[in-house]
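One structure is given here, and the rest of the page talks about it.
The values are calculated or read from the model by the stated rules, or taken from the named source; none is laboratory data. Bear in mind that the values here come from a model prediction, so they are computed numbers and not experimental data. Every residue, glycine among them, receives a Cβ derived from its backbone with ideal geometry; neighbour counts consider all protein chains shown.
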Amino acid sequence: MGYAEMLMDDAAQAGREEITHDLQRILDASRNLHRLILNLLDPATVHRTDGSADLAEYRRTLRHDLRTPINAIKGYGEMLREDAGGGGADTLVADLDKLLGEATLLLDRIDGLVTFSESDSAPAGGMGPTASEPGVPAKMVENLLKAVRPITEKEADRAAIPPSRILVVDDNASNRDLLSRRLQRQGHTVLQAEDGTIALALVEKEALDLVLLDLMMPGISGYDVLISLKNNPRFREIPVIMISALSELDSIVRCIEAGADDYLAKPFDPTLLRARVRSSLEKKHLRDREQAMVEALRLEKQRSEQLLLNILPREIVTRMNGGETIIADRRSDVTILFADLVAFTRLTSRLSAGDLVHLLNSLFSEFDRLALSLGVEKIKTLGDSYMVAGGLPEARADHAHAVADMALAMIATVERMNRESPIALQMRIGIHSGDVVAGVIGTHKFVYDIWGDAVNIASRMESHSLPNRIQISAATYQHLHKRFRLEPHGSVDVKGKGLMDTYFLLGRADT
């Protein structure tokens, strides 16, 4: 109190109004500390607790209540000391050093008093050091000090983390102010909450990188706030540093077990505060980057799978992702469609490369949409040819009907595009139903393909068809004759099979 009063007088005489506000806070905290000491050490108070069950609670109160004003004294004093250092204010610096030294001495005496009184009831054979224990070798201490050297300012600057958003929660206004100013000096944006309810409300609406949380608060305690945060998946990853004047191991352990990232005792050391804040924020930013990388990998995997789905059927992609390396299936009752543009080679000489690709892309993109909507599988394109199968890779009873609808829609698409294009296109289509072998070939560029007599016959149905007509085999006729309009079209000589009856597909029976 004496040093604070003298500093106030000196500041007033020197006209240094910029420091009087903090000096007044130091003086107020000193007077508050004096009143607390008089009350806590009043003979009547000591008599009520001496030898009672409340002794342990009294010791905690002694330590906690006295640490709060000491925290304010040391905090504001250290900030003033830092600002005054190197500024030519030698007298101010000297008096602040004395004031801080007295505050530290009192703090040590409080801790020593409580520790000494607790040791009265401690069991023999405890874990503390004794006079009979061997001393630590001097060389070991020397090596440790060389290894664990203080961090220089340049190193601290290089290790600085990006400015972050930090929430300070404490029911004591001086503690909130001290912590906020310390963190703001480090470049952080600081929000304040005076109790647990306000803290939880701020967490709900603000994006935070760190919470500094006082353990003992009226209403919702800091421990309860911690539990609430860690039980909520939305806020579980926000690091929390617990702050309290209590230094009992049980309190620290409970908070760490509940999910706290660190623990800081009042009055806090500025260097230790900076280090622990930096450590927690570094872990938070590392987790954020890790989550961003995981999300990027998820999106990349999604894009890769989508690209794969543009090449292979979904069922085949699923099987490959499941570890299958050789995929080959024999399928019965499959309907295959071949489509080919008539005299397209002559048309290419009349089109530029860009116009040619644009025309094919527009036409085949329409076919792709039709295949997707009708549930048939596009097998491949080859030049100006288009191949589709129904009943692959998953079997379906109406495979021929679906392919027939696809063929009719393809002819309609060509006719519609002809009305909008100066170049008239014609397309032959052939369809056959039978058994095939289906599988994936290649290791660099995968291809899902089908083989067998049914494929060859479908190709012959197309090559012997007529422009803008759909020729089907007798096998496909058996599937379609009840629901589609069909007309005979003679016979086709298929290599290895001889003459085969064919039909033209005209449309649905109800159209």
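The set of residues in region 475-511 that are of a type outside the set (A, V, I, L, M), in a strand (DSSP E or B), touching a Ser or Thr at 6+ places or on another chain (Cβ under 7 Å) and in contact (Cβ under 8 Å) with a residue 40 or more places away in the chain contains only THR502.
Picking from residues in region 1-27 that are surrounded by 14 or more Cβ atoms within 10 Å (Cβ to Cβ) and among the small types (Gly, Ala, Ser), the one that is farthest from LEU178 (Cα to Cα) is ALA11. When you check VAL342 against the structure, is it in contact with a Pro (Cβ under 6 Å, 6 or more places away or on another chain) and in the same structural domain as ALA475 (by TED's automatic domain parsing), yes or no? Judged against the criteria, VAL342 is a match. Exactly one residue among ARG289, ARG330, ARG254, ARG276 is more than 30 Å from GLY434 (Cβ to Cβ), loosely packed, with under 15 Cβ neighbours inside 10 Å and among the basic types (Lys, Arg), and that residue is ARG289. Looking only at residues in region 458-474 that are of a type in the set (S, T, N, Q) and either part of a loop (DSSP other than H, G, I, E, B) or surrounded by fewer than 19 Cβ atoms within 10 Å (Cβ to Cβ) (or both), the one that is farthest from the chain's Cα centre (by Cα) is SER465.
Screening LEU351 on (1) surrounded by fewer than 16 Cβ atoms within 10 Å (Cβ to Cβ); (2) out of contact with any helix residue (DSSP H, G or I) (no Cβ under 8 Å at 6 or more places or on another chain); (3) on the phi < 0 side of the Ramachandran plot; (4) outside any strand (DSSP E or B) shows it passes everything except condition (2). If the condition is being modelled with pLDDT of 85 or more, within 16 Å of GLN186 (Cα to Cα) and not small (Gly, Ala, Ser), then region 260-309 contributes LEU272, LEU273, ARG274, ARG276, VAL277, ARG278, LEU281, GLU282. Given the structure, is ALA409 crowded, with 16+ Cβ neighbours inside 10 Å, modelled with pLDDT of 95 or more and not β-branched (Val, Ile, Thr)? Here the answer is yes, as ALA409 does meet what is asked. Have a look at GLU420, GLU377, GLU415 and point out the one that is without any contact (Cβ under 8 Å) to a residue 40 or more places away in the chain and among the charged types (D, E, K, R). Going through GLU420, GLU377, GLU415 in turn, just one is without any contact (Cβ under 8 Å) to a residue 40 or more places away in the chain and among the charged types (D, E, K, R): GLU420.
Taken over region 206-242, the criterion of being more than 15 Å from VAL168 (Cα to Cα) and in a helix (DSSP H, G or I) is satisfied by ASP224, ILE227, SER228, LYS230.
When LEU312 is tested against the conditions (1) outside any helix (DSSP H, G or I); (2) aliphatic (A, V, I, L, M); (3) over 30 Å from GLN471 (Cβ atoms); (4) out of contact with any helix residue (DSSP H, G or I) (no Cβ under 7 Å at 6 or more places or on another chain), the lone failure is (3).
Screening ARG396 on (1) outside any strand (DSSP E or B); (2) more than 50 Å from the chain's Cα centre (by Cα); (3) closer than 24 Å to LYS482 by Cα shows it passes everything except condition (2). Checked against the criterion of being surrounded by 20 or more Cβ atoms within 10 Å (Cβ to Cβ) and in a helix (DSSP H, G or I), region 160-174 has at least one qualifying residue.
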